[in-house]
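See below for the structure under consideration.
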Amino acid sequence: KKATPVKNQYNISSDSLFAPFEFQDSSKKYVGIDVDLMNAISQDQGFNVKMNFVGFQTAVDQTLANQADGMIAGMSITDERKKVFDFSEPYFTANSTIAVKEGNDKVKSYEDLKGLTVGVKNGTASQDFLEKNKDKYGYKIKVFDTADTMYESLNTSSIDAFMDDEPVVKYAIKQGRKFSTPIKPEKIGEYGFAVKKGTNPELIEMFNNGLSELKSNGQYDKILDKYVGDNQ
Ligand code: GLN
């Protein structure tokens, strides 16, 4: 079963910094699980992609405004988003978690966040979770456009904690960030590739076909291993 491209090139928006899914390597080239998956799928299915790393909320905005044909940005498939996006089959599962500075032994539960400031990236499922539970736990929310400014704010204690996807926090810790994750993570949905609802149906079909091909030929595992395997 094969879908055919109807555009010469598909413009795909992505986050600007969401390691290990999209980030710049030492030569400033964008790499990561989303980048490699998108490239491998487009090659397998015979269509052309141009990826633009614009930030999560901007990727959402561009896709919904038809300025991008689709987005891949470690985007959780949520019921709310399904109202305005069509999603591919899931390609990754990730929860979201609270992170604090390593050595902070005061925060062990959401209740301990009372009166504190929690950072979060704009437009994310973590932001939804924090907004929903704000009154219950009594923390303040500070919204950031990018992860690096959020991480720096925790380092300099201008925020007390932040909430972000668990594999991203774990990766940051592995890279040397002094964070810890004292609270049990929240389920926020599996990651999917997305198009604006009702648009570019062939793109979703090609993504799904390519993904299942990559899963059966071992390329999917190879890509994941490269970024989140035990040996890196
Ligand atoms: N998975 C989260 C979401 O979909 C975060 C994505 C991101 O920050 N790129 O909201």
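Answer with yes or no whether A73 is closer than 17 Å to L17 by Cα, open to solvent by less than 30 Å² (accessible area, probe 1.4 Å) and not in a loop (DSSP other than H, G, I, E, B).
no
Quick one: count up the residues across segment 36-46 that are within 15 Å of the chain's Cα centre (by Cα) and either among the charged types (D, E, K, R) or surrounded by fewer than 21 Cβ atoms within 10 Å (Cβ to Cβ) (or both). Selection size over segment 36-46: 1. Scanning segment 207-220 for residues that are under 26 Å from D86 (Cβ atoms) and out of contact with any strand residue (DSSP E or B) (no Cβ under 9 Å at 6 or more places or on another chain) returns N208, N209, G210, L211, S212, E213, L214, K215, S216, N217, Q219, Y220. Out of the residues in segment 9-35 that are more than 16 Å from the ligand (Cβ to nearest atom) and outside any strand (DSSP E or B), state the one that is most open to solvent (accessible area, probe 1.4 Å). The extreme case among them is K28. For the condition among the small types (G, A, S), at pLDDT 95 or above and assigned to a loop (DSSP other than H, G, I, E, B), G115 qualifies.
Residue-wise test of (1) crowded, with 16+ Cβ neighbours inside 10 Å; (2) closer than 30 Å to Q9 by Cα; (3) touching a residue at least 24 places away in the same chain (Cβ under 8 Å).
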{"residue": "G123", "(1), (2), (3)": "yes, yes, yes"}
{"residue": "L130", "(1), (2), (3)": "yes, no, yes"}
{"residue": "D148", "(1), (2), (3)": "no, no, yes"}
{"residue": "D160", "(1), (2), (3)": "yes, no, yes"}
{"residue": "V168", "(1), (2), (3)": "yes, yes, yes"}
{"residue": "A194", "(1), (2), (3)": "yes, yes, yes"}
{"residue": "L203", "(1), (2), (3)": "yes, yes, yes"}
{"residue": "M206", "(1), (2), (3)": "yes, yes, yes"}
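Candidates are the residues of segment 190-232 that are among the polar types (S, T, N, Q) and modelled with pLDDT under 95; the one that is farthest from Y171 (Cα to Cα) is N231.
Mind checking whether some residue in segment 115-123 is within 14 Å of the ligand (Cβ to nearest atom), closer than 26 Å to I41 by Cα and not aliphatic (A, V, I, L, M)? Taking every residue of segment 115-123 in turn, none turns out to be within 14 Å of the ligand (Cβ to nearest atom), closer than 26 Å to I41 by Cα and not aliphatic (A, V, I, L, M). Where strands (runs of 3 or more DSSP E) fall wholly inside segment 150-232, no range has 2 or more residues that are hydroxyl-bearing (S, T, Y), at negative phi and under 17 Å from the mean Cα position of the chain (by Cα). Pick from segment 102-121 the residues that are more than 11 Å from D164 (Cα to Cα) and small (G, A, S): which of them is most open to solvent (accessible area, probe 1.4 Å)? Residue satisfying both the conditions and the ranking: G103.
The values are calculated or read from the model by the stated rules, or taken from the named source; none is laboratory data. Please read these numbers as outputs of a predicted model, since none were measured by experiment. Ideal geometry is used to build each Cβ from the backbone, glycine not excepted, and the neighbour counts take in all protein chains shown. Surface accessibility is based on the protein's heavy atoms, side chains included, excluding ligands, DNA and RNA. Shrake-Rupley method; radii C 1.70, N 1.55, O 1.52, S 1.80 Å.
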